[in-house]
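The values are calculated or read from the model by the stated rules, or taken from the named source; none is laboratory data. As the structure is a prediction and not an experimental result, all values here were calculated from the model. Here the Cβ is made from the backbone with ideal geometry for all residues, glycine too, and neighbour counts use every protein chain on show. Accessible surface areas use protein heavy atoms only, side chains included; no ligands, DNA or RNA. Shrake-Rupley method; radii C 1.70, N 1.55, O 1.52, S 1.80 Å.
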Amino acid sequence: MLGAILRFIATVAAIPLCATYMDGVHMTDWTRAAMIGAILGLLYLVLRPVVRLLLKVFNWLTLGLLYVGIDAWLVWTAVSMMNGAVSVDNFWWAVAVAVVVNVARTLIGALTGSLRN
C-alpha cells in the first residue's frame, strides 16, 4: 500500500518537474500542474490496466512499444483535460514525459520492494 501511495506521489511530482526541465513541456502554474499529475495518477490507476489488458496481444507484436504509446496517450489526455496549465508541444514530448514518469514509478517501486508498475 505504501508503494502505491509513493508511486502516485511520484506521478504527481513528475509533471511539474518535467515542465521545469524539458524544453517541449510548458507550465504556467505549479498548483495546476500538480493537479494534472494527480489526474495522470488516477488515469494510471483506473484506465491504464484496462487498456493494457485489451491490447496485450498487440503489445507482444510491437515488442513492448505499444505500452509506451499508451502511456504517452495518457499523458496527452491528462494535459488536455486542464487547458492552459501545462502544454506539451507534440506527441514525442508526451512520450518523453511518459518515460520520465515510468522511470520515477519504477524507482519508487524498486525502493519500496513492490515492482508492480
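So that you can scan it fast, the table gives a plain yes or no per residue for (1) of a type in the set (A, V, I, L, M); (2) at positive phi:
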{"site": "Leu42", "(1), (2)": "yes, no"}
{"site": "Leu53", "(1), (2)": "yes, no"}
{"site": "Leu63", "(1), (2)": "yes, yes"}
{"site": "Leu66", "(1), (2)": "yes, no"}
{"site": "Ala78", "(1), (2)": "yes, no"}
{"site": "Trp92", "(1), (2)": "no, no"}
{"site": "Ala96", "(1), (2)": "yes, no"}
{"site": "Ile108", "(1), (2)": "yes, no"}
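Filtering the range 80-106 to residues that are in contact (Cβ under 8 Å) with a residue 60 or more places away in the chain, of a type in the set (A, V, I, L, M, F, W, C) and assigned to a helix (DSSP H, G or I) leaves Trp92, Trp93, Ala96, Val97, Val100, Val101, Ala104.
Taking the stated definitions as given, is Thr112 β-branched (Val, Ile, Thr), surrounded by 13 or more Cβ atoms within 10 Å (Cβ to Cβ), over 12 Å from the mean Cα position of the chain (by Cα) and over 15 Å from Ile15 (Cβ atoms)? Spelling it out, Thr112 is indeed β-branched (Val, Ile, Thr), surrounded by 13 or more Cβ atoms within 10 Å (Cβ to Cβ), over 12 Å from the mean Cα position of the chain (by Cα) and over 15 Å from Ile15 (Cβ atoms). Go through the range 82-106 and count every residue that is open to solvent by 70 Å² or more (accessible area, probe 1.4 Å) and either at pLDDT below 90 or polar (S, T, N, Q) (or both). The number of residues fulfilling the criteria is 1. Checked against (1) within 16 Å of the chain's Cα centre (by Cα); (2) surrounded by fewer than 13 Cβ atoms within 10 Å (Cβ to Cβ); (3) of a type outside the set (D, E, K, R), Trp60 passes all but a single condition, namely (1).
Taken over the range 61-117, the residue count meeting the criterion of being within 16 Å of Ala19 (Cβ to Cβ) and polar (S, T, N, Q) is 4. Being closer than 21 Å to Arg105 by Cβ and polar (S, T, N, Q) is a property that does not hold for Thr28.
Limited to the range 18-48, what total is found for residues that are open to solvent by 70 Å² or more (accessible area, probe 1.4 Å) and within 12 Å of the chain's Cα centre (by Cα)?
Of the residues in the range 18-48, 2 are open to solvent by 70 Å² or more (accessible area, probe 1.4 Å) and within 12 Å of the chain's Cα centre (by Cα).
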